[in-house]
1. What are the ³J(HN,Hα) values, in whole Hz, obtained from phi via the Karplus relation 6.51 cos²θ - 1.76 cosθ + 1.60 with θ = phi - 60°, for each residue of region 65-73 in sequence order, with x given for Gly and Pro?
2. Once R0 is set to 25 Å, what does the formula 1/(1 + (r/R0)^6) return for the Cβ-Cβ distance between residue 74 and residue 4, expressed as a FRET efficiency to the nearest 0.05?
3. Given labels modelled 7 Å from the Cα in the Cβ direction, how far is it in nm from residue 128 to residue 58?
4. Determine the share of region 33-105's accessible area contributed by carbon and sulfur atoms, expressed in whole percent, with a 1.4 angstrom probe.
5. Do any of 10/81; 5/40; 2/40; 5/47; 5/42 go past 31 Å between their Cα atoms, and which?
Amino acid sequence: MKYSKLDVDKVKSSSDIRRFIPGASEYRNTQYIECPFCGKAKKFMVKHSKDTDNAYCFSCGKGFSNPIDAYAYYNGLDVSKDFLRCLEGCAQESGVLIVPDETRRKESVQQIKTKIQKTFCAQQLEGSGLTVDDIYANVVENGQE
């Protein structure tokens, strides 16, 4: 399954990184807690705002650039190897609805076919001997259908 860039961005912007980091308070937008990487107290800054949702350690330099990275780390997953599982898990725990491109595309095709079948164009199409499938084209752009 694949998700659109819009769905990935929606998960990143709608999820709250504080929810995934143990010790982070959901009531403070910027806070310093113990670093999960080096263990130094009050060096790991967790920041959540309208435009920013990340965490960074001022001692060891490690951190998370978004909630998906934090979700992956605390669930023992590798974002680069299992991105879909990380994305779906983060979305589910955050209550963000995402729809796979394949499902969205199938729904769109079905909606188009239904509209065509109910119109004057459908009558003309039938008279020509063609079907709805004959006039629907698959377009490939940047490797995606």
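The values are calculated or read from the model by the stated rules, or taken from the named source; none is laboratory data. Values in this document were obtained by computation on a predicted structure and should not be read as measured data. Virtual Cβ from ideal backbone geometry, glycine too; neighbours counted across all protein chains shown. The accessibility values were calculated without ligands, DNA or RNA, using every heavy atom of the protein model including side chains. Shrake-Rupley method; radii C 1.70, N 1.55, O 1.52, S 1.80 Å.
1. Result, ordered by residue: 8, 6, x, 5, 5, 5, 4, 4, 4 Hz.
2. Once rounded, the FRET efficiency stands at 0.45.
3. A separation of 6.8 nm, rounded to one decimal place.
4. Details: 1930 of 4160 Å².
Accessible surface attributable to carbon and sulfur in region 33-105 totals 46 percent.
5. Details: 10/81 21 Å; 5/40 36 Å; 2/40 38 Å; 5/47 23 Å; 5/42 34 Å.
Violating the 31 Å limit, Cα to Cα: 5/40; 2/40; 5/42.
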